[in-house]
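Shown next, in structure tokens, is the structure this report addresses.
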Amino acid sequence: MMFQRRLLACSVLIVCAASTIAVAQNDEREKLLARRAAEADAYRKIAETIKGIQINSETYVRDFVTESDVIESGLDELIKGVRLGRPTYFDDGMCQVDAEVTVAKVVERLKELHTRHYVGGRVVGTDFSSIEKRMTKRIIKVTGSGAPRVELPPELPQGVLSALPPPVGVQSRSSFPSIWQSVSPQGRLMAAQAARRDAQRKLLERINGVRINSQTLVREFVTENDTIRTKAQGLVIGAEEVNRYYHDDELIVEVTMAVPTEQVLRTIKELHTRHYQGDRVTGTDIEKISERIKRKTFEATGSGVPGERYRRAVTSNPSVVTPDWLERRITVTGQGTDPQIDTPQGKLKAIRAAIADARRKLIEQVHGLELSSATYVRDFVTQRDEIRTQLQSVIAGSVIERQDVDDQFATVTVSIGGPDVWRVIHAQQAIETRR
């Protein structure tokens, strides 16, 4: 009898020890996943901040890197090498990681990429020298946040995956983060559909930013003919959804859409052969695009939210009140002109001036968005260089909805989604709340 009691006691101890080990192992897996997500978020934010830096009155870093795969890859290598801080873990399972890089190092890399690979005429070497004078801080610093999940946010810089901790096995979990559990399938579908539409708009804008030759982008090529513009817009209709990411701490879903590069190049070549009547773009220019573009697909990520009644049904933090502009697109119109607007070159200069004017107005509109009864976006970003630059990146990526040119003016309408602005603001609010 005594032997049986001792055997039972030993069995209980073994079971308890095994259970303790299993819990500890699971905790470590959860912490590793949270750290991995936080580091990925930090890389994405540092990339967004750098791409929001203004080079000159017409061009942001985002525009500069869009024109060449080689330039974009070179900048991504810089981002991959930024210094990451030690992870900080919180009781709710979240993790935060700081990332930083000096402005001088960013400017040095941009100058190098410009000298070696840039073929356009809108950015000159002296433009980069003024960046350090305009930026009030000498170090770009961001904070990434992450929860324990295998999926990573979209639009990570190339090569970043190799710099992140490897994924680990986790217990089976729902396909949606907990904040989305109470949202009906209809609400999730509404949010995903809005994100898909936003991604299609951004995908077309990314294609339009491809450089054809030293003087012309695809955007300027399609402007010259209504038929070309209409058919170019059809490129994104058949785009494929390649990623869907539901945020852990806010009812925002991001959807990434992609279209094969081969299809894009084939369409541009066909449009040039059948419909182009100008002389600034030649067949040789079209052929050379494929030499500069090495990616297999063009991709873009859009954001969407469920309707207001679904957002009221669940919230991760009762102290955070989502604004009424979260569901809508923010749209403004700008105008520009040129002394030689009656010529093809003058027309393009007028359009560029109108785009710059529209985006300046968009910055003013975004800064005037209300966060609460007494707080506006401008109040929130005044003392935060990184947040201001991230918002500039969002605005630099605004979609050109419409552009027209008459005898005197070019008129351009641009827009961004409310979720894109809120994602930047809310992420910083959540960081400050935890601290």
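The values are calculated or read from the model by the stated rules, or taken from the named source; none is laboratory data. Worth saying up front: this structure is predicted, and the values here are computed from it rather than measured. Ideal geometry is used to build each Cβ from the backbone, glycine not excepted, and the neighbour counts take in all protein chains shown. What goes into the accessible areas is simple: the full protein's heavy atoms, side chains included, and nothing from ligands, DNA or RNA. Shrake-Rupley method; radii C 1.70, N 1.55, O 1.52, S 1.80 Å.
Here are some notes:
- Net length gained if the chain between A163 and I431 were fully extended (0.36 nm per residue, minus Cα distance): 94.2 nm
- The chain: most fluctuating residue of K111, K133, K141 per GNM, C-alpha cutoff 10 Å: K133
- Choice from M190, M94, M257 showing the highest fluctuation, given a GNM over the chain with Cα pairs closer than 10 Å: M190
- Rounded accessible area of T88 (nearest 10 Å², 1.4 Å probe): 70 Å²
- A Förster radius of 30 Å combined with the Cβ-Cβ distance from T136 to R402 puts the calculated FRET efficiency at roughly 0.25.
- Between the residues Q277, V70, G121, the greatest Cα displacement towards the positive end of the dipole of the chain, with unit charges on the Cβ of Lys, Arg, Asp and Glu, is found for V70.
- Just checking the listed ones, V394, V255, V183: in the Gaussian network model of the chain with Cα springs under 10 Å, the one fluctuating most is V183.
- Separation of segment 114-138 from segment 271-291 is 29 Å, based on Cα centroids.
- Phi to ³J(HN,Hα) by Karplus 6.51 cos²θ - 1.76 cosθ + 1.60 over segment 75-85, Hz, x for Gly, Pro: 5, 4, 5, 4, 5, 4, x, 5, 7, 9, x
- Gyration tensor verdict on segment 239-386 (Cα atoms; rounded if a/c is under 1.5, prolate if a/b is larger than b/c, oblate otherwise): oblate
- Considering only alpha-carbon pairs that sit under 8 angstrom and 6 or more positions apart, the relative contact order computed for the chain is 17 percent.
- Greater than 24 Å apart at Cα, pairs in K51/K133; K80/K137; K137/K349: K137/K349
- Cα-based helix-to-principal-axis angle, 103-117 vs the chain, degrees rounded to 10: 50 degrees
- Packing here is the average count of other Cβ atoms within 10 Å per residue, and on that basis the peptides 98-108, 298-308, 364-374, highest first, run 298-308, 98-108, 364-374.
- Working note: Debye formula, equal point scatterers on the alpha-carbon atoms of the chain, no solvent; log10 I(q)/I(0) at q = 0.10, 0.14 Å⁻¹ is -0.74, -1.41.
- The dipole here belongs to segment 257-378: it is taken about the Cα centre, uses +1 on the Cβ of Lys and Arg and -1 on the Cβ of Asp and Glu, and is about 220 debye.
- Pairwise FRET efficiency - S178 versus R86, Cβ, R0 = 25 Å, nearest 0.05: 0.40
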